[in-house]
Amino acid sequence: MFSDTSIQQYSEFIKEKAISIGFDLVGIANVEEFNQEFSHFQEWINAGYHGSMGYMATQQEKRKDITLILPEAESVIVVGLNYYTDVKHTGDCTQGKISRYAWGTDYHEILPAMMQSLSKELTELVPNSQHKFYVDTGPILEKQWAIKAGLGWQGKHSNIINREIGSWFFIGVIISTIPLSASKPITDYCGTCTACIDACPTHAIIEPYKVDATKCISYWTIETKPDIQIPDAISENLQQWVFGCDICQEVCPWNTFQKETNKELFFPRNNEISLSLDAIASMTQEEFSTRFKKSPIKRTKLAGLKRNAEALLSNNTKDNPL
Ligand code: B12
Ligand code: SF4
Ligand code: SF4
């Protein structure tokens, strides 16, 4: 049994450790079933908004009940890592824009080691305790746990926003058998703003807080198989994005005064935040593999990147027929 005092002390200890390991945000939620969140999730799946991301429709019950992943789970520790760097895109139409999250090293290469360190601290704190961590790597509603753990609120663009650091941060989740005291969830500060909904060129934010992935540029340029053609309604509105899309977050007033990350690995590799479309068109597999090793861009594969670049080049030709 754990006393209230030890629960409080453990919670403070873990939060301090998370910050000393290098996370920018940390919060704690008590384990409970997701009911409303899960029914919203199921509505989303049943409407087909996940498109070809088949992994979203599998293991659904685990998203509702996290104890199906770790039976003795008591707490969920949620961490946030800021990836903002103070650079901005220009309007050069010979270049394809890379979304901010993919300028540096892949976060899947960075967060797990940090979460492993935090898990180790937990095991040292309470021997025989069990922990499982995820960074976009399992059937977890990470954003909903981030809300419960007080990291921020869900913006109308569906990303989590923190009052101090905006929305340019990654989320990681540790499920733990240690009972801990929950952080306080915070209020929704979107108010009457609709800037993200108005700015989305493909109308993917179909209602506040609801994104139809099959209309989202990020889905089409990252998640779809290279041999699937991008539909005209999307490809004509790519607004120069060749990998991912940041429009809804760029227009968000909560991202106006962002603090730069102190993680050098998130700074743009080779100072590149966009790619020459012609260079992509002639890129060899060898060059792609070397250049995008440990970069999120490898996810789309060379053929996917070429497909995206060709869509942009064909838009440019339509705009300037001579
Ligand atoms: C699938 C996925 C995608 C898909 C679908 C996006 C989406 N909105 O679901 C695609 C490929 C489009 C995508 C794109 C991006 N992604 Co993504 N993605 C995921 C993933 C793997 C699952 C998300 C999920 O469960 N979606 C299912 C839907 C149903 O969930 P939801 O959007 O939260 O929907 C909830 C609301 O609609 C809510 N709801 C319904 N009605 C109402 C009403 C009110 C009032 C409220 C408050 C809520 C509400 O209920 C739903 C369920 O709880 C997560 C990692 C993870 N395992 O969680 C990363 C994740 C969400 N992605 C992330 C990132 C960074 C991005 C991009 C910014 C990348 C980019 N620059 O291109 C874009 C952002 C696009 C956008 N506007 O969402 C980060 C977000 C970090 C953050 N600060 O929030 C995550 C958490 C990865 C990580 N570990 O850091 N992504
Ligand atoms: S990422 Fe781009 S396409 Fe997707 S919802 Fe945001 S603005 Fe729309
Ligand atoms: S742009 Fe406005 S509505 Fe959209 S997430 Fe930001 S504050 Fe909320």
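The values are calculated or read from the model by the stated rules, or taken from the named source; none is laboratory data. Note that the structure is predicted; figures quoted are calculated from it, not measured. Here the Cβ positions follow ideal geometry from the backbone for every residue, glycine too, while neighbour counts run over all protein chains shown. We work out accessible area using only protein heavy atoms, side chains counted, and drop any ligands, DNA or RNA first. Shrake-Rupley method; radii C 1.70, N 1.55, O 1.52, S 1.80 Å.
Consider CYS190 carefully, then state whether it is within 20 Å of the chain's Cα centre (by Cα) and in the same structural domain as ALA303 (by TED's automatic domain parsing).
no
From the list ASP246, ASP278, which one is within 16 Å of ligand 1 (Cβ to nearest atom), among the charged types (D, E, K, R) and surrounded by 12 or more Cβ atoms within 10 Å (Cβ to Cβ)?
Exactly one residue qualifies, and that residue is ASP246.
Going by what's in this entry, would THR261 be described as more than 30 Å from GLY54 (Cβ to Cβ), not charged (D, E, K, R) and not in a helix (DSSP H, G or I)?
yes
Of all the residues that make up the stretch 176-202, how many are open to solvent by less than 60 Å² (accessible area, probe 1.4 Å) and assigned to a helix (DSSP H, G or I)?
4
Looking at the stretch 135-155, is at least one residue open to solvent by less than 40 Å² (accessible area, probe 1.4 Å), within 16 Å of ligand 2 (Cβ to nearest atom) and touching a residue at least 40 places away in the same chain (Cβ under 8 Å)?
Within the stretch 135-155, one or more residues are open to solvent by less than 40 Å² (accessible area, probe 1.4 Å), within 16 Å of ligand 2 (Cβ to nearest atom) and touching a residue at least 40 places away in the same chain (Cβ under 8 Å).
I want to confirm something. Restricting to the stretch 156-168 and keeping residues that are open to solvent by 10 Å² or more (accessible area, probe 1.4 Å) and either among the hydroxyl-bearing types (Ser, Thr, Tyr) or under 18 Å from ALA199 (Cα atoms) (or both), which single residue is nearest to ligand 3 (Cβ to nearest atom)?
LYS156
Could you tell me how many of the residues in the stretch 255-282 are in contact with a Phe, Trp or Tyr (Cβ under 7 Å, 6 or more places away or on another chain) and within 16 Å of ligand 3 (Cβ to nearest atom)?
Qualifying residue count, the stretch 255-282: 2.
Any idea how many residues of the stretch 174-221 are touching a residue at least 60 places away in the same chain (Cβ under 8 Å) and among the hydroxyl-bearing types (Ser, Thr, Tyr)?
9
Identify all residues within the stretch 282-291 that are open to solvent by less than 50 Å² (accessible area, probe 1.4 Å) and of a type outside the set (Phe, Trp, Tyr); write none if there are none.
Result: MET283, single match.
Yes or no, residue by residue, for (1) near ligand 1 (Cβ under 10 Å from one of its atoms); (2) part of a helix (DSSP H, G or I); (3) touching a helix residue (DSSP H, G or I) at 6+ places or on another chain (Cβ under 6 Å):
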| residue | (1), (2), (3) |
| --- | --- |
| LYS62 | no, yes, yes |
| GLY91 | no, no, no |
| GLY96 | no, no, yes |
| THR105 | no, no, yes |
| GLU109 | no, yes, no |
| SER117 | no, yes, yes |
| GLU124 | no, yes, no |
| ASN128 | no, no, no |
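Of the numbered conditions (1) exposed (fewer than 15 other Cβ atoms within 10 Å of the Cβ); (2) assigned to a loop (DSSP other than H, G, I, E, B), GLU43 fails exactly one; give the number of that condition.
Condition not satisfied by GLU43: (2).
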